[in-house]
1. Hey, can you grab everything whose amide H is under 5 Å from the amide H of C:LEU214? Only 5+ residues off in sequence or another chain; H modelled, so Pro and N-termini drop out.
2. Along the range C:187-193, what does the Karplus equation 6.51 cos²θ - 1.76 cosθ + 1.60 (θ = phi - 60°) give for ³J(HN,Hα), rounded to whole Hz, x for Gly and Pro?
3. Determine, for each peptide in C:103-114, A:152-163, C:206-217, the mean count of other beta carbons within 10 angstrom over its residues, then list the peptides with the highest first.
4. Relative contact order (percent) for chain B, with alpha-carbon contacts under 8 angstrom and 6 or more residues of separation?
5. For the protein assembly as shown, what is the percent of antiparallel DSSP beta bridges, rounded to the nearest 5?
6. Evaluate E = 1/(1 + (r/R0)^6) for A:VAL115 and A:THR30, where r is the Cβ-Cβ distance and R0 equals 22 Å; express this FRET efficiency to the nearest 0.05.
7. Kindly provide the GluC sites (Glu not before Pro) of the range C:112-164 that DSSP labels as loop, not H, G, I, E or B, and whose Cβ sees at most 16 other Cβ atoms within 10 Å.
8. Just to confirm my numbers, what's the Cα centroid distance between the range B:182-202 and the range A:102-173 in Å?
Amino acid sequence: MTATEIAPVGAASPQHVPYRPPRAVRYGATAGLLVLLIAFPLVLPNPTVTSIGVFTMIYLIAAIGWNIFSGYSGYISIGHAAYYGIGQYTVALITIHAHLPGGWGLFGLLPVAGVVSALASIPIGFLLLRVRRHTFIVLTIAIMFILQLLAFNLTRFTNGSGGLTMPFPTWTGNFFNMPFYYVGLLAAVVAGAAAWWIRRSKYGLGLFAIRDDEERARGLGIKVTRSKLIAYAASAFFVGIAGGLYAPFVGSVYPQFAFDPTFDLAVAVLVFVGGIGTLSGPVLGALVLIPLQQYFYLQFGNANLYLIAYGVLFILILRLLPGGIVPGVTSAWRARLVARARARQEDTRPEDTGLKDDAGQKGRA
Amino acid sequence: MLILQAIIDGILIGGFYALMAAGLTLVFGVMEIVNFAQGILVVLGAYLSYALYSHLHIDPFLGLLITLPAMFLVGVVIYWTMIKPIRRDRVIMSLLTMFAVGTVIEGILDLIFTSNLVQTTTSYVNSSVQIGSLIFPEIYLYSFAMAVVLLSALYWLLYRTKFGRNLRAAMQNPTAARMVGIDIDRISAFTLGIGVSLAAAGGMVFGSTNSFDAASSYDLISRLLAIVIFGGFGSLSGALVASIVMLVIEDVVAVVWSPTWGQTTFYLVLILVLLVRPQGLFGRTAVRAQ
Amino acid sequence: MLTIAGLFAGYGGGDVLRGVDLTVAQGSITCVVGPNGAGKSTLLKVISGLLRPRLGTITFRDAPIGGASPRRVLEAGIVQVMQSRNLFPDLTVRQNVEIGGYLIKDQALLRRRLDEVSDQFPIVRERAGERAGQLSGGQQRMVELARALMLDPALVVLDEPSMGLEPRAAAAMYASVRNMAQTGRSILLVEQNVRAGLELATHGVVMETGRVRLEGTGTEVLAHPQMRALYLGGTIEESGVTDQEAAQEKTR
Amino acid sequence: MSVIQVTDLKKSYGGIHALSGCSMTFEDKAINGLIGPNGSGKTTLFNVITGYETADSGQVSLRGQDITNAKPDEVFEQGIGRTFQITRIFPRLTVLENVHVAAQRQGFVAQARGWDSAAERERAMEVLEFVGLARLAPEIAGDLSYGQQKLLEFAFITMARPSVILLDEPAGGVNPSLLRHISDRIRALNSEGVTFIIVEHDMEFVMRLCDQVLVMHQGSALTSGPPEQVRSDPAVLEAYLGTGPKEGS
């Protein structure tokens, strides 16, 4: 008996309906988006608008970075502000202690901010990744608060609650935001490329396997501890860069804004809304929500009004689209295609497809 | 002497922390929910007491007669609207949902009360009793007494009433509890109500002993979580012991070294404990039989 | 009194029960046996309301209870003793038994039931104040049986009551089960210990791969030549089921 | 020739002895059946051999080399693959991705390369073809039926060409035609020299397929031998049927 003869196995499956749009569409959309993002400040040079652009880039980098760990491996961290803060302090401290002038040179510190964050994340990750599920989530935020307290306490080093002041850049006026925006965009592209590469790699596939069933993955030869730690460090690297860009942009570093719990919330919400574990999810989330948040802030002058909006949005997404917008939309789109393929098939072959209709029940926590 | 004073302060303050932590750990024990909103609910309780005192001149302790039932209701409503509909991946989803609920409450409080720091300054907040060279602020004494009363009431409820028996049954073996006809949803809603009420009671004291705003919730929740992890998720006695131990350590380090380091020690102790025992001090590896 | 017809049920993608037909007669001790994976425990889960059936009916004293909540099943008069970890280890023995009467609102009736059950199971009185977790396995099983009787059920469902018990405790447990039946209750039990279960039973049922394959009095079933084949290879009435099987495969 | 040998393995959980001094020898290049009544310790033995649980005492060796309490990833690298009683696949990955997970590579550069190199992809399609799932390669694994998931798990285990495959109830919940298919695949791989150890309750399946049957009872080895011999051994039936109610007291 050969494989093709057995009846129940995939016998009546319809021709495969893809889960994603075709490659040409995806690449075209990516290129188009990139062109839009490059052109944006040139078309709308108003500083109010471009400053929204800079914040969007900062969160975009962070969201992509966060997703590399939490989205890919399934370990939700709500304490990545730890690395946002480390990135800020790295840039600020080096600038101040090395008496660096404000200017383009400071952007050279971005990779340093990333590396320092990644290095710091290794011992922290080693401690955190001993525990799972809720304890893990809880500890991530605890670590973040420890670092915030250290920033307050090590006054000789960080100037405590007095904060640190960055030198002014050499450029001013309407051009002020531009360098930050483009450097941020460049960093976001690098982060996106890294996220794409990891998603494509054998290593990344291992992370997704860990997300689905960690013990099973271990049993197939995946070094789970090492894999998780590397992803954790990689995400810390990019979040550190986001922090390193923020510090010279706003010109000051304070413990409560460097190690900021609302940053944790914002990043998690962005990625959850867009689609956790997907490549486009963090991008969509950041490009939609951050401008909205900044708009709220400018319009109503209340920094925390967006908290309500974020919270409600987060609840709605968790309830209605637990995977986020991207998977939600694509699976709805696919369901239509499948239904159409089935309808076409009905005429020729009335059997079952061999696939379950309700995919949702199968997901293992 | 300074250290003795610090130890006593730590115990007195630990008392009302125990209230808030007990609420957190109880909710976890019954339904495996990490109530991330507990911090902001404490602040909500603090604001309620503050508003009653500053606008209606109701003494905060007396005001508990209003705030506790009100907050109980808040907990019940949160359960039915937010937690009950969650179908899959409950542990993580409920944690994130509570995180989001907390953010909404924070935003609302921030709108109503702005981010100016306030404090419920009753007449006895700044007065104190002196015995020898030891000083006992009156508010600490009253709040410790209240914590003892409320925790005793909680123990009475859990260990001396039928409801408590049913609740503990649901905690120890949810399936068997369903098999004798216990309605787990009702128990859960009730438990969240109690947990939130305890947060409010703690919040009343917190608001009287500290100046606060909505953002204070982050510091609170991370302390409470540290306490609960230290004591072991779901362990009530663990939470009580951990509250006292943590606050005593904090206060002792604060006088020996500096107040800010006292706070940091809080977390460092937690990390040390977790290095040795990832499941916490009193935590069992498996909290409940599957 | 309990009639099950054409029952299909399972978890996730597959069906564990594939058309179970079963009747528990008034006053009988019906014992279900069968190799592992036959679907015995799943059947009990469906009866007690922990798992919803996909197809088929369950009728108890003329009332349909298929898909009812555990609470409604209890109210209908069926109490189940689960396989293991059935007690609340940190509650006292007395509380454990008392909680079996959770649905009884009348306090006087509750006390009366507690007295009756305590008379029947002396351990409930003797160890009333001890934590249930401290009892031995056999003692715990007795407390579980006592708890099951609090509601004065018409049908008691037992899932592998002898599991983990040493022989003496198992014998005492079987004696209690027989005793229950003598006081007019119907019993439905699932047993791993085939011989013990079938010798106890008035009616034996053999399940295999989600269906009932053999029925008869306990001793008849035990002596059936195909029992060996069932446990050590070969399917019962192999030729007889294929058509039915094919039919059921289509209905899915 | 023995491939896996366990010696005096002990494992207990809170007073219950899941393994109470279990010693057995599994034959190389054979289909070994492992049977026994419920709770006799078969799955625990699997878990100890494959590193998912640690033994309290005793030894596990693979071709004379000690692998006692090695980690699951190390055991896999030694060439021992296993399936689980309740199928454990990666439900949110595609069928093809599932298979590629099992083809791990060593080294940083190899890890950083794309997950489906041409050679691996060919091999992956080959193993999917082998179990008849090739056409479902792009589907999400969690959408497959239960039987298909069993086949998928079986397929990805073979991806890394293990020399020993442990199957935990491959026939459970599988319909008859699929069952025949599974036993054909097992025979085909066995003829290529792969050793199988199969825990299964479907006796017909075991007796038809296995070269050697080992019987466990109460955490240790009861007997072993060719299927017919084991089948007619009265002690085996006794173990399955248990003792009567009166014998204990």
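The values are calculated or read from the model by the stated rules, or taken from the named source; none is laboratory data. What you see is a predicted model; the values in this text were computed from it and never measured. Cβ coordinates were reconstructed from backbone atoms using ideal geometry, including for glycine residues, and neighbour counts include every protein chain displayed. Protein only, heavy atoms only, side chains kept; ligands, DNA and RNA dropped before computing areas. Shrake-Rupley method; radii C 1.70, N 1.55, O 1.52, S 1.80 Å.
1. When sequence neighbours closer than 5 places are left aside, the close amide H contacts are C:VAL206.
2. For the range C:187-193, the Karplus curve yields 10, 10, 10, 10, 9, 7, 6 Hz.
3. Descending mean neighbour count gives C:206-217, A:152-163, C:103-114.
4. For chain B, the relative contact order is 37 percent.
5. Just about 60 percent of them are antiparallel.
6. 0.20
7. C:GLU130
8. Between the Cα centres of the range B:182-202 and the range A:102-173 lies a distance of 38 Å.
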